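I have placed the structure first, in the form of structure tokens, so that the comments after it can refer back to it.
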Amino acid sequence: MSPRKPAPSFEIDASKLPPLGMPPAQFLRDYWQKRPLLIRNAFPGFVSPIQPEDLAGLACEEAALSRIVVHDRPSDAWTLRSGPFQEEEFPGMPHHDWTLLVQDVDKWDEDVRALLAHFDFLPRWRIDDIMVSFAATGGSVGAHVDQYDVFLLQAQGERRWQIDARPNPPTAFRDDVELKLLREFNPTHDWVLQPGDMLYLPPGVPHHGVAVNPCLTFSVGMRAPSAAELIGDYLDTLVADADEGLRYGDRDLTPPTDPYEIDTAAMGRVVEALNALRMNDPDKLAGWFGRFITTYRSAGEVAPTPSARSRIEIEWDLGHGAELHRHPMSRLAWRKATRSTKAGGAQLFCSGLEFTLPVKDAQRIAAAETLDGTGYSALGEAGREAVLELLALGHYQLLGEAGDED
């Protein structure tokens, strides 16, 4: 019998191969949704693109999703407040035991968003957002579990992380606090992260982070909708699109043995009626999922362009140095069409919208956060029309057009 292969390590130095310290295929095989990993020097020499005061300013914005968590150690009481906050609040905050968290910072700051390029070993539509937290010394959000994968990048200062990497750890919540904190937490690993270190946690791993000193932590979280969310949204789509003519029928009915019994034949007809809704149709399912997964939950919304320019004006501007910049809240993805899908080759999805396009057009539009005149001209007619429609709906902004000061 061959010797058992040793289990992958819980810690690695990524200095020579950042950000994972190994080829992405190896990480996905050995760690992704299987095993936590502390990655030392995932971003060697990392310097945070934002400062704590920047985060505090963002937390004062009406459209930002922000929270403050305060821990009173003597009573072990936890307080949660949601933003927006007032600027004058922050100078008076204590020097310990509180945390400010702001969601979607990648949508507000281009330098933070640029970090996502380092995670291109994952489908972009799986990445939810980059949440940034500032914690005063001792600040924490308590021991908890997340139901999604997360990469915790230390951006500034030091944070102590404890995790429970045992199989089937206890996950019952306390019932005396507003936050979903663990009633019992027994860590198996204890680390202090420096700037540039990153901790990967699969779903369901109990963890607890405490600021050793004032620090910033970037949380790159994945979107992982629950089965209930998927079923609920898909059923809503089926109901909205259902043909009233599709009904339960029993043309093969025979006299029942017991008129009050729901027999096997009746249940077979129920299944047939449900199948008529094409619940098992892969194209219908894929179209729904593309629209669903690109619809973003956020306080910010994409609004239509107030004053629409003509196509001739837009294309003239693009030919003379203007660029189309995608709205940071817009989420895009695409899929190849199957034989049964209408002609076009691919489906492009943008924030719940769907376009049928050639594959190359769908790929280019999904990947390009900006489109200049050359990029726009490289698209086919269907791709250009899709871009112009997305511009009219606010998913792009035209910068540098004639008369623009920029």
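The values are calculated or read from the model by the stated rules, or taken from the named source; none is laboratory data. A quick note: this is a predicted structure, and the numbers were derived from the prediction, not measured. FYI the Cβ positions are ideal-geometry reconstructions off the backbone, even for glycines, and counts take in every protein chain you see.
Hey, can you tell me all the residues within region 171-213 that are free of Cβ contacts under 8 Å to residues at least 24 places away in the same chain and in a loop (DSSP other than H, G, I, E, B)?
Within region 171-213, ALA172, ARG174, ASP175, ASP176, ARG183, GLU184, ASN186 meet the criteria.
With the condition kept exactly as written, say whether any residue in region 93-103 is in the same structural domain as PHE185 (by TED's automatic domain parsing), touching a helix residue (DSSP H, G or I) at 6+ places or on another chain (Cβ under 8 Å) and either part of a helix (DSSP H, G or I) or surrounded by fewer than 21 Cβ atoms within 10 Å (Cβ to Cβ) (or both).
no
Only one of LEU80, LEU17 is among the aliphatic types (A, V, I, L, M), over 21 Å from the mean Cα position of the chain (by Cα) and assigned to a loop (DSSP other than H, G, I, E, B). Can you tell me which? Walk me through how you get there before you give the answer.
Values: LEU80 fails: assigned to a loop (DSSP other than H, G, I, E, B).
On inspection, the qualifying residue turns out to be LEU17.
Restricting region 60-80 to residues that are surrounded by 14 or more Cβ atoms within 10 Å (Cβ to Cβ) and in contact (Cβ under 8 Å) with a residue 60 or more places away in the chain, which is nearest to HIS96 (Cα to Cα)? Even if it seems obvious, please write down each step before you answer.
Step one: filter region 60-80 for residues surrounded by 14 or more Cβ atoms within 10 Å (Cβ to Cβ), giving 60-61, 63-71, 78.
Checking the rest, the ones that are also in contact (Cβ under 8 Å) with a residue 60 or more places away in the chain come to 63-65, 69, 71, 78.
Values: ALA63: 27, ALA64: 24, LEU65: 23, VAL69: 11, HIS71: 9, TRP78: 14 Å.
Filtering region 60-80 for residues that are surrounded by 14 or more Cβ atoms within 10 Å (Cβ to Cβ) and in contact (Cβ under 8 Å) with a residue 60 or more places away in the chain, the one nearest to HIS96 (Cα to Cα) comes out as HIS71.
Any residue at all in region 37-57 that's at pLDDT 95 or above, assigned to a strand (DSSP E or B), farther than 30 Å from ASP175 by Cβ and more than 22 Å from the chain's Cα centre (by Cα)?
Yes, region 37-57 contains a residue that is at pLDDT 95 or above, assigned to a strand (DSSP E or B), farther than 30 Å from ASP175 by Cβ and more than 22 Å from the chain's Cα centre (by Cα).
Could you tell me whether THR237 is closer than 30 Å to ASP97 by Cβ and outside any loop (DSSP other than H, G, I, E, B)?
Working: closer than 30 Å to ASP97 by Cβ: no; outside any loop (DSSP other than H, G, I, E, B): yes.
In short, no.
Do you know which of the residues in region 310-333 that are over 29 Å from GLY290 (Cβ atoms) and not aliphatic (A, V, I, L, M) is surrounded by the fewest Cβ atoms within 10 Å (Cβ to Cβ)? Before you say what the answer is, go through the steps one by one.
Narrowing region 310-333 to residues over 29 Å from GLY290 (Cβ atoms): 310, 312-313, 316-317, 319-322.
Now drop any that are not not aliphatic (A, V, I, L, M), which leaves 310, 313, 316-317, 319-321.
On the way: SER310: 9, GLU313: 14, TRP316: 15, ASP317: 21, GLY319: 13, HIS320: 11, GLY321: 12.
The extreme case among them is SER310.
Kindly list the number of the only condition in (1) more than 30 Å from TYR234 (Cα to Cα); (2) more than 26 Å from the chain's Cα centre (by Cα) that fails for THR370.
All conditions are met except number (2).
Tell me, yes or no, whether region 283-298 has at least one residue that is loosely packed, with under 10 Cβ neighbours inside 10 Å and not aliphatic (A, V, I, L, M).
no
Is there a residue in region 361-370 that is in contact (Cβ under 8 Å) with a residue 12 or more places away in the chain, part of a strand (DSSP E or B) and assigned by TED's automatic domain parsing to the domain that holds ALA392?
Yes: one or more hits.
Determine which member of the set PRO328, PRO259 is modelled with pLDDT of 85 or more and outside the structural domain of THR374 (by TED's automatic domain parsing).
PRO259
Considering only region 291-325, state which residues are among the acidic types (Asp, Glu) and at pLDDT below 80.
Of everything in region 291-325, just one residue is among the acidic types (Asp, Glu) and at pLDDT below 80, namely GLU301.
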